[in-house]
Structures are given as structure tokens and as C-alpha cells.
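Inspection log for the structure reproduced underneath, given as C-alpha cells.
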Amino acid sequence: MQKKESKKAKKVEETPIVDDAKVREENLRNLLLEKRREILKEAMEEIKRFQSDENKQLVETVLDDGDLSVVDLSEDISLKQLSSHRENLLKIDTALQKLKEGTYGICEDCGEEISEKRLEVMPFAIYCRDCQEKQELMSKLEQIVEQ
Ligand SMILES: [Zn+2]
């Protein structure tokens, strides 16, 4: 053991710091990014299938930028169905943002922590189970009212 102090200071980046929160955050970020890539890939493949002369320009835009927001502008029903992919992408982006801000895993409605189990299944959940159910019930009610 020689000059342990100075060596330690230099090697601080390589030293494995056992910090559960950090490890968890990193794992979550990787999981979310992977999910993001998956969805994007899936969406891209669907878009290619829907490509026609009329929407060629639109499809090219999406494929170039990975920006699915133009899908909403499309008159094409098949393309509009891709909106669900877009919603999921937005959810993932929100989760990534929350992770950065340190508010990840906290229910947007009641402010309680979302259970670990739930986040494992739905890493981009922004509501706890109770609030999610409440939200779904509310939107169902809204649909009924609108009809
Ligand atoms: Zn809640």
C-alpha cells in the first residue's frame, strides 16, 4: 500500500460506489431507453408498411427525424393508429425527465410512491394503481357523457 490517499483521489471515477439509488436510476434509465427504441422501431416498421404515394413525404419525415408528431396531421387512418406509439413515447420521455429531476416513481395525482412492482411492469407509469383506475374510470365516464 503506497500513497493510498492520492491514488484514491485520482481513481474516484473507477471506484464502484455502492449507491442503490444511483444503480436503480441507471437501470431504470436503460430500461426506459430500451423500451423507447423498441417502440420507435415498431412504429417505423408500421409506418413503412403504410407508405403510399400520398403520404410518402410524411413517412419520410417521420423516418428521418423519428418524430411521430406529424402522424397526427395525417388524414390516413392507418397512420393515425400510430398515435398510440407516440403516446407511449411521450410517456417514456416524461419518465426519463422525471428520473432526471428525481421525481420518478411518484404518483402525479396523490403524490404517493408508485409501487416497485407496478413500475417493473409499467416503467413509465405516472400514476399509482388507485389513481390510474380513477383516471380510467373518469375517461370512461367522459366518453359516455360525450356520446
Ligand atoms: Zn396516486
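The values are calculated or read from the model by the stated rules, or taken from the named source; none is laboratory data. Given the structure is predicted, the values throughout are model-derived calculations rather than measurements. Cβ sites come from the backbone with ideal geometry, for glycine too, and all protein chains shown count toward neighbours.
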- Item | Top-ranked residue in the stretch 71-85 [being assigned to a helix (DSSP H, G or I) and crowded, with 18+ Cβ neighbours inside 10 Å; ranked as modelled with the highest pLDDT] | HIS85
- Item | the stretch 95-138: number of residues that are part of a loop (DSSP other than H, G, I, E, B), crowded, with 16+ Cβ neighbours inside 10 Å and within 13 Å of the ligand (Cβ to nearest atom) | 7
- Provide a single number: the residues in the stretch 79-126 that are closer than 21 Å to ILE39 by Cα and of a type in the set (Ser, Thr, Tyr). 4
- Determine whether the stretch 80-93 contains at least one residue that is among the small types (Gly, Ala, Ser) and within 16 Å of the ligand (Cβ to nearest atom). no
- Given the conditions (1) touching a residue at least 12 places away in the same chain (Cβ under 8 Å); (2) under 25 Å from GLU42 (Cα atoms); (3) not polar (S, T, N, Q), every one holds for LYS134 apart from (2)
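Every residue, every condition in (1) farther than 24 Å from ASN88 by Cα; (2) out of contact with any Pro (no Cβ under 9 Å at 6 or more places or on another chain); (3) surrounded by 12 or more Cβ atoms within 10 Å (Cβ to Cβ); (4) at pLDDT 65 or above, yes or no:
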position	(1), (2), (3), (4)
LYS3	yes, yes, no, no
LYS10	yes, yes, no, no
ILE17	yes, yes, no, no
ARG24	no, yes, yes, yes
PHE50	no, yes, yes, yes
GLU54	yes, yes, no, yes
GLU60	no, yes, yes, yes
ASP67	no, yes, yes, yes
